[in-house]
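Comments concern the structure below.
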Amino acid sequence: MIIAVDFDGTIVEHKYPAIGKEKIFAFDTLKAMQKEGHLLILWTYRSGKELDAAVEYCRKKGIEFYAVNKSYPEEKFDEATASRKINADMFIDDRNIGGFYGWGEIWQELKLGGDEESARMRQRMENTSGNLLTKLLRFLLG
């Protein structure tokens, strides 16, 4: 599976343009994903020296990405002919609906997959109280 992963707020705490503190289990989970054969793409707002710093930070922590801000290493981005959206099977980002719920749960959902994953998502929403988005999702998902 090709998995696109955000940096700020996902791998590290959001302190952009600085690099925030590492999120608990982030690198353990990313390493386990790579060990399982998944290809990881760093998909981030960062560019230039801020992007280089993030890539180097991850490299020092033991993560070498398959690609950075592109679908595959050789891709050349041309605004006139290509979309900025990359080709990935899964996106891990702190801006997901419901927010970032932690690397442990991401690993569990990746391992469970299918119908069990949907059931876990519904259970998480049922356990989350009060916000309008949760109520809307409950209504839409039944």
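Can you tell me how many residues within the range 1-59 are of a type in the set (Gly, Ala, Ser) and farther than 23 Å from residue 101 by Cβ?
Residues in the range 1-59 being of a type in the set (Gly, Ala, Ser) and farther than 23 Å from residue 101 by Cβ: 5 in total.
Scan the range 61-80 for residues that are in a loop (DSSP other than H, G, I, E, B) and within 20 Å of residue 91 (Cα to Cα) and jot them down.
63, 64, 65, 66, 69, 70, 71, 72, 73, 75, 77
Has the range 70-87 got any residue that is under 14 Å from the mean Cα position of the chain (by Cα), under 15 Å from residue 5 (Cα atoms) and touching a residue at least 60 places away in the same chain (Cβ under 8 Å)?
Checked against the condition, which is being under 14 Å from the mean Cα position of the chain (by Cα), under 15 Å from residue 5 (Cα atoms) and touching a residue at least 60 places away in the same chain (Cβ under 8 Å), the range 70-87 yields at least one hit.
Conditions tested, residue by residue: (1) at pLDDT below 95; (2) among the aromatic types (Phe, Trp, Tyr).
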residue: 22; (1), (2): no, no
residue: 58; (1), (2): no, no
residue: 66; (1), (2): no, yes
residue: 71; (1), (2): yes, no
residue: 76; (1), (2): yes, no
residue: 102; (1), (2): yes, no
residue: 107; (1), (2): yes, yes
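I want to confirm something. Restricting to the range 62-89 and keeping residues that are in contact with a helix residue (DSSP H, G or I) (Cβ under 8 Å, 6 or more places away or on another chain) and surrounded by 15 or more Cβ atoms within 10 Å (Cβ to Cβ), which single residue is farthest from residue 32 (Cα to Cα)?
69
Taking residue 91 as the residue in question, decide whether it is within 26 Å of residue 104 (Cβ to Cβ), touching a Gly at 6+ places or on another chain (Cβ under 7 Å) and not acidic (Asp, Glu).
Taking the combined requirement at face value, the residue does not satisfy it.
Every residue in the range 81-98 that is within 20 Å of residue 12 (Cα to Cα), assigned to a loop (DSSP other than H, G, I, E, B) and either modelled with pLDDT of 90 or more or not basic (Lys, Arg) (or both), please.
93, 94, 96, 97, 98
Which one of these is among the hydrophobic types (A, V, I, L, M, F, W, C), touching a Pro at 6+ places or on another chain (Cβ under 9 Å) and touching a residue at least 24 places away in the same chain (Cβ under 8 Å): 4, 53, 32, 26?
Testing whether each residue is among the hydrophobic types (A, V, I, L, M, F, W, C), touching a Pro at 6+ places or on another chain (Cβ under 9 Å) and touching a residue at least 24 places away in the same chain (Cβ under 8 Å) leaves just 53.
The values are calculated or read from the model by the stated rules, or taken from the named source; none is laboratory data. Just so it is clear, the model here is predicted, and its values are computed rather than measured. Positions of Cβ are generated from backbone atoms using ideal geometry, with glycine treated the same way; all protein chains shown enter the neighbour counts.
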